[in-house]
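*Asks:* I have a structure here, written as structure tokens, and I will follow up with some questions on it.
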Amino acid sequence: MRERLDEIDPKQFRSAFKRAFSMLQRNKVLEEYVYMNDSYLVSIDGTGQFSSSKVHCNNCCIKESKDGTKSYYHQMLGAALVHPNKKQVIPLAPEPILKQDGTDKNGSERGSCKRLLADLRREHPHLKIIVVEDGLSSNGPHIRTLQDLDMRYILGAKPGDHKFLFDWVNSSDQTKHSFVDKDGIKHSFSFVNKVPLNDANFELEVNFLEYWEEDKKGKIGHYSWVTDIPITKENAYKIMRGGRARWKIENETFNTLKNQGYNFEHNYGHGKVNLCTNMTMMMLLAFLIDQAQLLCCRYFQSLRKCGTYKSLWETLRVVLKFFEIESWEKFYEIMVVKMCPLTLTG
């Protein structure tokens with residue numbers, strides 16, 4: 001199986017992601033993820049999936065240290081539908097960051113992002129999307145790519161990376177407001193619409209939002225974003241929560257895959273061409289199915305309440321060794337009745 005998988009073009013997995021996504025759409029599951037302006041939040045970020053000083057393939061990126069030693073690695077750019085109020089994420093087909101064909105140059109996250117966004121728009125031409133990303137993405141070329149693809153954005157913006165922008169904002173008339181919520185947390189906002197991104201992209205206007213969160217102990221968190229959504233006192237809080245939902249690609253996606261029994265960074269077989277990448281694609285596809293079941297399947301929901309992902313996967317592996325499965329639904333039903341009948345509802 002590894003030999004066959006090694007030869008498959010990773011893009012062939014995209015259709016499976018799209019079919020699962022379309023099924024969730026048809027059954028109106030994704031209506032729960034509509035966030036603002038009838039749009040969905042799509043969080044995008046990169047992560048590493050493999051690193052070795054010995055094992056490598058034709059598509060490995062290469063890092064050479066000062067002493068001349070080389071290390072080989074694979075990275076990918078992940079994307080997922082997220083919502084601030086929901087634990088489950090809906091992963092989309094990831095984009096591998098690979099060595100450029102026919103060269104010794106490593107692939108770049110920026111180039112991979114352009115491919116990911118283009119594929120996303122081609123596969124979902126009518127989907128209203130708000131892209132949420134970190135501060136590295138708030139640059140002119142990337143914002144223009146989002147504009148060309150008719151995608152909205154909420155992108156992190158840090159003072160150290162955007163001195164021109166922050167200087168301009170500080171010298172502008174800002175709208176400010178604050179409130180204290182029922183938990184005693186103070187939320188303070190300052191925003192300006194239609195300001196230049198930087199001196200190199202002076203004609204590219206963005207809307208700037210700055211936010212401070214102060215808890216009851218006086219601890220203050222500070223965040224800032226640029227967006228193409230016009231900011232008002234009424235929607236500033238929602239834009240802030242959308243921007244902070246970016247972390248769900250890290251916490252609910254990558255950290256779950258790495259630490260909750262999926263063994264994301266384990267080398268299941270590296271191959272010579274595409275095996276490492278295709279193993280990653282299949283793992284993300286399995287994760288998508290698990291997230292869909294957590295949204296739709298009451299048996300799987302009950303099983304998840306019985307313990308951690310790790311314990312669930314181990315139990316599944318043991319049972320699969322000894323029993324024939326009639327259907328996954330029947331299998332999960334039996335598992336619930338035997339393992340945790342008190343969690344079954346409905």
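FYI, it's all coordinate maths here, none of it is from the lab. What you see is a predicted model; the values in this text were computed from it and never measured. As a convention, Cβ positions derive from the backbone with ideal geometry for all residues, glycine included, and neighbour counts pool all protein chains shown.
*Asks:* For a quick check: with amide H placed at 1.01 Å from N, whose amide H comes under 5 Å from residue 50's, ignoring anything fewer than 5 positions away on the same chain?
*Replies:* Answer set, sorted by chain and number: 74.
*Asks:* Moving on to the next point. Report the label-to-label distance for residue 317 and residue 305 in nanometres (one decimal), using points 7 Å from each Cα along the Cα→Cβ vector.
*Replies:* My value for the distance between the label points is 2.7 nm.
*Asks:* Sequence-distant or interchain residues sharing an amide H contact under 5 Å with residue 197, placed H: which?
*Replies:* Hits under the 5 Å cutoff: 204, 206.
*Asks:* Moving to a separate point now. In nm, what is the difference between 0.36 nm times the number of residues separating residue 66 and residue 205 and their Cα-Cα distance? Mind showing how you got there, number by number?
*Replies:* On the way: separation 139, 0.36 × 139 = 50.04 nm, distance 4.18 nm.
Using 0.36 nm per residue and subtracting the Cα-Cα distance, I get 45.9 nm.
*Asks:* Once every Cα of region 143-237 carries one equal point scatterer and solvent is ignored, give the base-10 log of I(q)/I(0) from the Debye formula at q = 0.17 Å⁻¹, two decimals.
*Replies:* -0.77
*Asks:* Which one of 187, 56, 142 has the biggest mean-square fluctuation once the chain is modelled by GNM with Cα springs under 10 Å?
*Replies:* 187
*Asks:* Right, something else. Compute the distance in nm between two label points, each set 7 Å from the Cα along the Cα-to-Cβ direction, one at residue 122 and one at residue 11.
*Replies:* Result for the modelled spin labels: 0.5 nm.
*Asks:* While we're on this one: Placing unit charges on C-beta atoms (Lys and Arg positive, Asp and Glu negative, everything else neutral), compute the dipole magnitude of the chain about its Cα centre in debye, rounded to 20.
*Replies:* Numbers: 49 positive and 43 negative charges, 161 e Å.
Magnitude of the dipole: close to 780 debye.
*Asks:* Kindly state, as a whole number, the per residue volume in cubic angstrom of the convex hull around the alpha carbon atoms of region 90-249. Write down the numbers at each step before the final one.
*Replies:* Values: hull volume 24.8 nm³, N = 160.
Taking only Cα atoms, region 90-249 has a hull volume of 155 Å³ per residue.
*Asks:* A follow-up question, please. What are the residues whose amide H is under 5 Å from the amide H of residue 131, where those residues sit 5 or more places off or on another chain and H is modelled from the backbone?
*Replies:* 42, 152, 153, 154
*Asks:* A further question on this structure: Relative to the longest principal Cα axis of the chain, at what angle does helix 309-322 sit, 0 to 90 degrees, rounded to 10?
*Replies:* So the helix axis and the longest Cα principal axis differ by about 20 degrees.
*Asks:* For the chain, take the longest principal axis of its alpha carbons; what is the angle in degrees between that and the long axis of helix 275-296, to the nearest 10 within 0 to 90?
*Replies:* 80 degrees
*Asks:* Connecting C-alpha atoms closer than 10 Å in a GNM of the chain, tell me which of 161, 148, 67 has the biggest fluctuation.
*Replies:* 67
*Asks:* Can you list, largest first and rounded to whole Å, the semi-axes you get for region 298-346 by taking the square root of 5 times each eigenvalue of its Cα gyration tensor? Don't skip to the end; give the middle numbers.
*Replies:* Values: eigenvalues 57, 36, 12 Å².
For region 298-346, the semi-axes come out at 17, 13, 8 Å.
*Asks:* Return the single residue from 314, 210, 133 with maximal mean-square fluctuation; model: Gaussian network over the chain, springs between Cα atoms under 10 Å.
*Replies:* Of the options given, 314 has the highest mean-square fluctuation.
*Asks:* Follow-up. Across every pair of different alpha-carbon atoms, what Kirkwood hydrodynamic radius in Å does the chain reach?
*Replies:* Details: mean 1/r = 0.0447 Å⁻¹.
It works out to 22.4 Å.
*Asks:* Need one number: nm distance between label points at residue 51 and residue 19, each 7 Å from Cα along Cα→Cβ, rounded to one decimal.
*Replies:* Calculated label separation equals 3.6 nm.
*Asks:* Mind listing the phi-derived Karplus ³J(HN,Hα) values for region 121-134, rounded to whole Hz, using 6.51, -1.76 and 1.60 with θ = phi - 60°, and x for any glycine or proline?
*Replies:* 5, 5, 7, 10, x, 10, 6, 7, 10, 10, 7, 10, 9, 7
*Asks:* Give the aspartates and glutamates whose C-alpha is closer than 20 Å to that of residue 216, dropping any in the same chain fewer than 8 places away, or say none.
*Replies:* 181, 183
*Asks:* Output wanted: per-residue J couplings in Hz (rounded whole) for region 225-236, from phi through Karplus 6.51 cos²θ - 1.76 cosθ + 1.60, θ = phi - 60°, x for Gly and Pro.
*Replies:* 9, 10, 8, 9, 7, x, 9, 10, 4, 6, 10, 4
*Asks:* Same structure again: Provide the per-residue ³J(HN,Hα) series for region 238-247, in order, calculated from phi with Karplus coefficients 6.51, -1.76, 1.60 and θ = phi - 60°, each as a whole number of Hz, with x at glycine and proline positions.
*Replies:* 5, 4, 4, 5, x, x, 6, 5, 3, 5
*Asks:* Using the Cα centre as the reference, give the magnitude of the dipole from point charges on the C-beta atoms of region 174-317 (Lys, Arg: +1; Asp, Glu: -1; all else neutral), rounded to the nearest 20 debye.
*Replies:* Numbers: 20 positive and 16 negative charges, 135 e Å.
My answer is approximately 640 debye.
*Asks:* Of all alpha-carbon pairs in region 210-346, indicate the percentage at a distance above 20 angstrom.
*Replies:* Numbers: 5936 of 9316 pairs.
Looking at region 210-346, the distances longer than 20 Å represent 64 percent of pairs.
*Asks:* Cut-off under 25 Å on the C-alpha distance; same-chain residues fewer than 8 positions from residue 330 excluded. Which lysines are left, in chain and number order?
*Replies:* Cross-link targets: 28, 305, 310, 321, 338.
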